[in-house]
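Scroll down for the structure; my scribbles are underneath it.
The values are calculated or read from the model by the stated rules, or taken from the named source; none is laboratory data. Model, not experiment: these values are computed from the prediction. A quick note on method: Cβ atoms are made from the backbone with ideal geometry, for glycine too, and the neighbour counts reach across all protein chains shown.
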Amino acid sequence: MFDLTDRQLGMHRRITRRDFLNGVATTAGAAMMPWQLLAAVDAAPENPASFYPPALTGLRGSHVGSFEAAHALRDGTFWDSAGKPEDTGETYDLIVVGGGISGLAAAHFFRKRAGEAARILILDNHDDFGGHAKRNEFRAGNRTLIGYGGTYSIESPEPYSKVASSLIEELGIDVGSFPKYLERNLYGSGGRFAKIFFDKETFGVDRLVDDPYPFPGGETYDLAIAGPDAWAHFLADAPIAEQARKDVVRMCRDRKDYLPQLNPEQKTSRLARISYAQFLTEAVGVHQDVIRFYQTISQPLFGLGIDAIAALDACDAGYPGFSGMGLEAEGLSNERKYFFHFPDGNASIARLLVRKLIPDAMPGSSATDIVTTRANYAKLDEAASPVRIRLSSTVVRAKHLGDAATARDVEVAYARHGKAFTVTGKHVVLACWNMMIPYLCEDLPDAQKEALAYATKVPLVYTNVLLRNTNGFQKLGANSIYAPGGYHTHVDIDLPISIGEYRCPQGPDDPVVVHMSKAPCQAGLAARDQHRIGRIELFETTFETMERKIRDQLARTLGPGGFDPPRDILAITVNRWPHGYAYEYSSLWDKFVLEGGETPCERARKPFGRITIANSDAGAQAYTNAAIDEAWRAISELKS
């Protein structure tokens, strides 16, 4: 299966490729083409007959049309060509910038405080609501299959606050009921277990090997279990040095204290100051092949390899090597206590919030029927509705009409389909990315702008591939695959969830959505530098290149099981997030974590006149509970 041609990979097959002006084409052409043309590329009329973003395939996430105006604003060229914005004449009690979970929650909290008659406008730069909580739908025959293109689940290393958990309950989600929707024995009873794919570029040979110790947590919950005799198979087949194989056994199975001379407090202090890779090398004493083997295991959770995450964070997440050190994996424990996964991830939370705000746009009545409900996008922005969601609308300015201390209104300008418009609001909540806010609010104090710019978001790729069947997985006995050297480092069949009228695939002949994840980063650099380099990589990589890598990886991994890319791949959706996870502070890279004092996010989120700030950046946590908590705070801080 080596060096397959494009035809053998199925690059000639007729699937949707939204590749115009993305990647290198956008990067190279942005300076030569007016933002109006770039922004208009992805314009689509919001009508009930044809406009349904969840069903779009190809390049999604930060799709073409969602970022060009913002980039022009950043580069100082937007207003050169925008001209004077058109005044819509619209006035609102609240304008929310950002239609992700934090923005939707802020609108919900405000409406509860101000009453159902309150007029609210939500503006979002994407062609769909939900932000990083992205829903992907696929059709296979007469079936609709659902995948998550962003936020995966209700979970957090920190306990959910009363505010966040109360909202989850208000939306009708019974987190404790999750086990009844999870067909726990489906994979194991079918002989499918966790595997590792070693690639020839990194390890000298393409080989699928049993994973004897699947890491806890993450996007396979606890269903990524080892198969029978997995340790024996790993020791016999893994293409790494013999000593490295023995080291893996030792660090995963032995309950040894690798810092016996230190008390628990001293251990915590030491682990906070060294990377996980450094801990494995210096304290555990592993072969360097172990570092190569585990380098990318942390990417789905942290967006970084083990060279750039603190050993203390690895311990808290339940990674190997700490079981005998008397330190609890508290973060993992919290995640297991409060966990719920919808087939579309937390897009169902966003959809339930939209149902609260605009019932006509999201028919239904329960947190189970939301999974199969088809949203009516034509109802999102109706003039008669007190709450309106306006998509494909990139906010480019939020400015008080008068002095911020005494002004009664804020004017918000936004770009939509190549034109600029203004609306006015009594209050504004900025639930967008922190890094954009200094460009939107030029009157902010310089110190606050600096703090807002500190949030360097984590780039991610969440790819969903619709397969004709799972026979390749079945014949190889796999359901989740860690690929330490792969373009995508994790390949998973989603959790077998059947909820409401939605039924997960049952047998190997059923079509299935396979989830693949990637966090572009460059080992050896500081975390924030790795994120910046990864962001550039994503913007410079075309969908065609990504598709070729997806097909090649699946062919090489599953080919021995009879997988044929041209025949078996029916559709591909790449959710590209150059600005993905909120940046979470690390004891390795952010000195205030150890030294104490006010954090950048605390300085960044201070109210400014009638403008307050929500979003997960404001809490420096890439979790849904943080987005909800920050929305609550932002509404609480609004002037009367």
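A few notes on this one:
- Only residues that are surrounded by fewer than 24 Cβ atoms within 10 Å (Cβ to Cβ) and not in a loop (DSSP other than H, G, I, E, B) were counted in region 280-298, giving 8.
- Taken as a whole, region 561-577 holds at least one residue that is surrounded by fewer than 22 Cβ atoms within 10 Å (Cβ to Cβ) and part of a loop (DSSP other than H, G, I, E, B).
- Any hit, region 476-485, residues being β-branched (Val, Ile, Thr) and in contact with a Lys or Arg (Cβ under 6 Å, 6 or more places away or on another chain): yes
- Matching residues in region 217-244 - criterion: being within 24 Å of residue 470 (Cα to Cα) and not in a helix (DSSP H, G or I): 217, 221, 222, 223, 224, 225, 226, 227, 228, 229
- Restricting attention to region 487-509, the residues that are more than 20 Å from residue 369 (Cα to Cα), modelled with pLDDT under 95 and assigned to a loop (DSSP other than H, G, I, E, B) total 4.
- Answer from 158, 116 - the residue that is in a loop (DSSP other than H, G, I, E, B), assigned by TED's automatic domain parsing to the domain that holds residue 433 and in contact (Cβ under 8 Å) with a residue 60 or more places away in the chain: 116
- Region 420-448, subset farther than 15 Å from residue 610 by Cβ and charged (D, E, K, R), residue surrounded by the most Cβ atoms within 10 Å (Cβ to Cβ): 442
- Within region 350-367, if we keep just the residues that are of a type in the set (A, V, I, L, M, F, W, C) and part of a helix (DSSP H, G or I), the residue that is farthest from residue 116 (Cα to Cα) turns out to be 350.
- On inspection, residue 247 qualifies as crowded, with 18+ Cβ neighbours inside 10 Å, farther than 30 Å from residue 475 by Cβ and more than 32 Å from the chain's Cα centre (by Cα).
- With respect to the conditions (1) of a type in the set (S, T, N, Q); (2) within 30 Å of residue 206 (Cα to Cα); (3) without any contact (Cβ under 8 Å) to a residue 60 or more places away in the chain, residue 406 lacks only one, and its number is (2).
- Filtered residue count, region 380-397, keeping only those that are surrounded by 15 or more Cβ atoms within 10 Å (Cβ to Cβ) and over 27 Å from the mean Cα position of the chain (by Cα): 2
For every residue, the table says whether it meets (1) assigned to a loop (DSSP other than H, G, I, E, B); (2) out of contact with any Lys or Arg (no Cβ under 9 Å at 6 or more places or on another chain); (3) at pLDDT 95 or above.
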site	(1), (2), (3)
584	yes, yes, yes
587	yes, no, yes
602	no, yes, yes
612	no, no, yes
618	no, no, yes
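- Residue 514 vs. criteria without any contact (Cβ under 8 Å) to a residue 60 or more places away in the chain, under 19 Å from residue 561 (Cα atoms) and crowded, with 21+ Cβ neighbours inside 10 Å: yes
- Filtered by the rule that a residue be touching a Ser or Thr at 6+ places or on another chain (Cβ under 7 Å) and either over 30 Å from residue 403 (Cα atoms) or of a type in the set (Ser, Thr, Tyr) (or both), region 586-619 gives 588, 592, 593, 594, 616.
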